[in-house]
Amino acid sequence: MIRTAVIAATATLAITAPAYAGTGASYLMSHQRPSGGIAEAGTRKANVSLTEWAAMGLRAAGRSPGSARRPGGRTMTTYLAHHAGGWRNAFALERGILAVVAIGKNPRNFAGRNLVTALRNRIDGNGVIGGTQNSTYWGVLALRAAGVPAPRGSLAVIRGAQRSNGGYSWSASAGPDADDTSAAVMALRAAGESCSSRSVARAYSYLATTQTSSHGYALLPGSAANSQSTSWAVQARHRCNLANRQALAWLHARQLPSGAYNYQPGVTTTPAWVTGQVLPAVNGKAYPIG
């Protein structure tokens with residue numbers, strides 16, 4: 001499931017300097033390693049999935065991530081090509097396709113692989129993509145990013161996965177949450193589903209239950225708002241041109257002088273990961289980003 005970032009380390013700090021001294025895109029690029037990949041704050045080794053999300057965030061911010069490099073280092077394209085052979089399961093292929101499109105390359109011919117065919121081979125006879133419900137949501141997003149029509153069976157799977165409260169979950173055994181509901185909406189909309197359709201309208205109703213009094217969105221109703229869940233929800237609502245002014249204000253208040261975004265008010269954790277996934281929302285974009 002694409003939940004909020006895995007918490008590797010948490011630091012609580014007081015924010016006294018003005019926000020926006022840096023930009024989120026510049027912050028991400030400051031964490032590019034000589035390999036071309038992006039490393040989390042406090043680490044030296046680039047991370048493949050973080051680099052994939054960073055590529056999408058940078059593209060949303062108007063950058064050209066594929067050619068980005070530190071002096072003397074390799075490009076992000078080179079880094080992703082080096083790791084493309086490891087994209088084996090459906091979810092890895094989906095992130096890979098989305099990142100390859102974001103860097104301006106062809107997912108049908110990247111690092112000697114046809115990533116689109118590889119993903120299509122993971123669609124079963126019922127339209128399920130991969131092993132979990134949310135890999136079907138992101139599978140549709142990846143196929144649409146590659147210019148491929150969404151399989152009708154996969155869209156039926158998404159509609160059928162909706163719970164009675166309108167939400168979506170990452171698997172049949174889990175409860176619904178804001179992140180997966182947002183992903184399902186983005187997938188349906190990317191495939192041409194109407195904003196007035198029952199599935200989309202009911203999903204928006206569920207998302208409303210996860211918005212807090214501070215106007216940020218939480219992963220679950222009644223929980224504290226966080227930046228990534230807020231970004232997912234803003235992106236999903238953006239797909240139907242719904243107002244996001246207050247939620248965006250909540251996100252803007254999370255930005256640090258470095259350009260990075262806090263996970264929650266006063267809480268900085270995996271800031272590169274958070275920033276990469278917030279950039280689409282604050283730049284008026286939504287997945288898939290190309």
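The values are calculated or read from the model by the stated rules, or taken from the named source; none is laboratory data. None of the values given here were measured: they were computed from a predicted structure. Cβ placement follows ideal geometry from the backbone for every residue including glycine, while neighbour counts extend to all protein chains displayed. What goes into the accessible areas is simple: the full protein's heavy atoms, side chains included, and nothing from ligands, DNA or RNA. Shrake-Rupley method; radii C 1.70, N 1.55, O 1.52, S 1.80 Å.
Packing-based ranking of 230-243, 148-161 yields 230-243, 148-161, ordered from highest to lowest mean Cβ neighbour count within 10 Å.
Just the accessible area per residue of the chain, please: how many Å² with a 1.4 Å probe? All intermediate terms of the calculation are to be shown ahead of the outcome.
On the way: 11490 Å² over 290 residues.
For the chain, the solvent-accessible area averages 40 Å² per residue.
If you take the square roots of the eigenvalues of the alpha-carbon gyration tensor of segment 201-290 and sort them as a ≥ b ≥ c, do you get rounded (a/c under 1.5), prolate (a/b over b/c) or oblate? Verdict is oblate for segment 201-290. Amide H to amide H, with H built 1.01 Å from N, ASN262 comes under 5 Å of GLN255, LEU256, counting only residues 5 or more places away or on other chains. Hydrodynamic estimate: the Kirkwood radius of segment 100-259 over Cα pairs, inserted into Stokes-Einstein at 10 °C and 1.306 mPa s, corresponds to D of 97 µm²/s.
For THR117, tell me the accessible area in Å² from a 1.4 Å probe, rounded to the nearest 10. Accessible area of THR117: about 60 Å². Can you compute log10 of I(q)/I(0) for segment 57-119 with the Debye formula, treating each Cα as one identical point scatterer, at q = 0.19, 0.23 Å⁻¹? Here log10 of I(q) over I(0) equals -0.67, -0.93. Residues in segment 74-104, backbone N under 13 Å from the label point at SER171 (7 Å along the Cα-to-beta-carbon vector): list them, ranges by number please. Label zone hits: none. Match the structure shown to one of the listed values (i) 24.3; (ii) 14.0; (iii) 18.2 of mean projected area of the Cα convex hull in nm², computed from it, and give that label. Matching entry in (i) 24.3; (ii) 14.0; (iii) 18.2: (ii). Note on the chain: with neighbouring protein chains present and a 1.4 Å probe, carbon and sulfur make up 51 percent of its accessible heavy-atom surface.
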